[in-house]
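Taking it in order: structure first as structure tokens, then the write-up.
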Amino acid sequence: MKSNNRYLYGGALAAVLLAGLSGFGLARCTADKTPASTAIVAEDEKPSDELKLSPEAIATAGISVETVTAGGLSSEIITQAQVVATPNGQASLTARAAGSISRIYKRLGDPVKAGEALALIESRDAGQIAADRTTAIARANVAQANLAREKSLLDQGVSARVDYERAQAEAAAAQAEVTRTQSAASAARITSDGHGVIVASPISGRVTASMASLGAFVQPETELFRVSDPNLVQVEAAISSSDMQRVAVGDRAVIALPDGRTMEARVRSVTPALDAETRAATAVLDVVGGELQPGLSVRARLFPQGTSESTAIVVPEEAVQSVNGQDVVFVRTKDGFKVTPVTVGQRSAGRAEITSGLTSGQSIATSKAFSLKAELGKGAAEEE
């Protein structure tokens with residue numbers, strides 16, 4: 001009986017040991033396989049350096065793209081500038097005669113075509129001008145009739161030549177008076193009924209200033225409106241005396257707008273003397289395409305020709321982002337942007353010099369490049 005019990009006890013112990021060994025083997029097998037599987041997944045889920053974005057999405061996000069060119073910081077002149085209207089791009093509309101404003105057709109910001117009326121002034125002066133014109137025309141008609149009669153009498157031998165010549169002089173004087181009064185009426189823009197003066201714009205554009213009030217009495221040459229054409233503007237950039245000799249007509253320039261957009265420009269002229277107050281010269285820049293509002297403050301970057309042999313590329317400082325401790329820029333591709341590591345040299349006035357990683361002619365994201373970095377991080381988080 002004891003022998004049987006010992007046998008049963010030994011069999012149970014063996015079963016427990018076998019189960020324990022089997023569990024240990026399974027746990028070891030699982031532990032050995034788990035790291036390998038994790039390593040494979042981590043390798044497959046390596047974050048991509050590509051961001052696929054459509055042109056519409058880029059425009060909606062307000063991301064600006066700029067083509068980079070070679071030339072270090074020493075090849076740029078960075079200065080503040082002001083958008084102003086060209087001499088033909090802005091018109092000051094004044095009252096041509098004294099009177100009260102009876103009609104206002106245009107308000108601030110309204111579009112205007114050349115020759116279009118903005119206001120009407122009821123004026124006694126207009127009535128006088130119209131009356132002078134009518135009188136001059138009547139006298140000219142009488143003078144012409146008298147000249148015809150004297151010519152007929154001269155041909156018949158009844159009248160002397162001196163009478164005919166006197167009639168000629170009177171007719172010429174009367175016609176000259178007609179021309180004068182008609183010019184005065186045209187310059188004052190007298191209405192057809194002679195009761196008022198029309199205030200009209202000589203150029204097309206938009207109303208940028210309005211000082212007219214209905215019923216107000218105005219004197220001649222009082223400014224009532226100002227009209228500007230946004231297509232006829234120039235940028236005036238202040239440059240120091242030390243940079244004055246470096247800038248020449250035809251030099252390339254880039255205008256940086258407050259919203260981050262950039263526009264190409266060319267140097268049209270440089271003032272030969274310094275301003276008495278600012279001690280700076282003025283470079284006049286012609287903007288290539290686009291519309292700018294006069295009075296807008298911008299930043300100008302001028303690139304004098306032949307002043308630097310540097311192969312470094314200068315980009316806006318906001319174009320450089322840090323990803324995993326590495327300075328990168330986002331290079332434009334046909335499908336979106338590609339993260340490109342770069343080496344940054346010196347920085348100055350919001351500009352960064354790229355010594356390696358970029359080549360001239362590439363296009364990169366400038367303003368709001370941080371949104372691309374955020375999108376890149378978002379994509380990596382979703383993959384994890």
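Numerical summary
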read-out	value
Cut-off under 5 Å, modelled amide H: who pairs with residue 233 long-range	86
The range 209-311, accessible area per residue, ligands and nucleic acids excluded (1.4 Å, Å²)	53
Amide proton proximity set for residue 280, modelled H, under 5 Å, gap of 5+	275
Nitroxide proxy distance, nm - points 7 Å out along Cα→Cβ at residue 117 and residue 186	1.9
Relative counts (whole %) of C-alpha pair distances in the range 227-311, using bins that are 5 Å wide	3, 14, 25, 23, 18, 12, 4, 1, 0, 0
For the range 91-108, 3J(HN,Hα) per residue [Karplus equation, 6.51 cos²θ - 1.76 cosθ + 1.60, θ = phi - 60°, Hz, x = Gly/Pro]	10, 9, 9, 10, 6, 8, 7, 6, x, 9, 6, 9, 9, 10, 9, 10, 10, 4
Cleavage-rule hits (trypsin sites (Lys or Arg not before Pro)) in the range 221-282: DSSP loop, at most 11 neighbouring Cβ within 10 angstrom	279
With 10 Å bins from 0: P(r) over the range 161-248, alpha-carbon pairs, percent	11, 22, 21, 17, 14, 10, 4, 1
Radius of gyration and Dmax over the Cα atoms of the range 279-373, both given in Å	15.8, 49
³J(HN,Hα) computed for each position of the range 109-126 - Karplus, 6.51 cos²θ - 1.76 cosθ + 1.60, integer Hz, glycine/proline x	x, 6, x, 9, 9, 4, x, 7, 7, 10, 7, 10, 10, 7, 9, 5, 4, 4
Area of residue 132 that stays accessible when all protein chains are in place (1.4 Å probe, Å², to 10)	60
Solvent-accessible area, 1.4 Å probe, carbon plus sulfur percent, for the range 225-347	45
Per-residue ³J(HN,Hα) for the range 276-289, Karplus 6.51 cos²θ - 1.76 cosθ + 1.60, θ = phi - 60°, Hz, x for Gly and Pro	5, 8, 8, 6, 10, 8, 10, 9, 8, 10, 8, 7, 8, x
Residue 99 long-range amide H proximity, modeled H, under 5 Å	218
The range 105-257: mean projected area of Cα convex hull, nm²	17.2
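The values are calculated or read from the model by the stated rules, or taken from the named source; none is laboratory data. In this text, all values refer to a predicted model and were calculated from it rather than measured experimentally. Because the Cβ atoms are built from the backbone with ideal geometry, glycine has one as well, and the counts that use them run over all protein chains shown. SASA here: full protein model, heavy atoms, side chains in, ligands and nucleic acids out. Shrake-Rupley method; radii C 1.70, N 1.55, O 1.52, S 1.80 Å.
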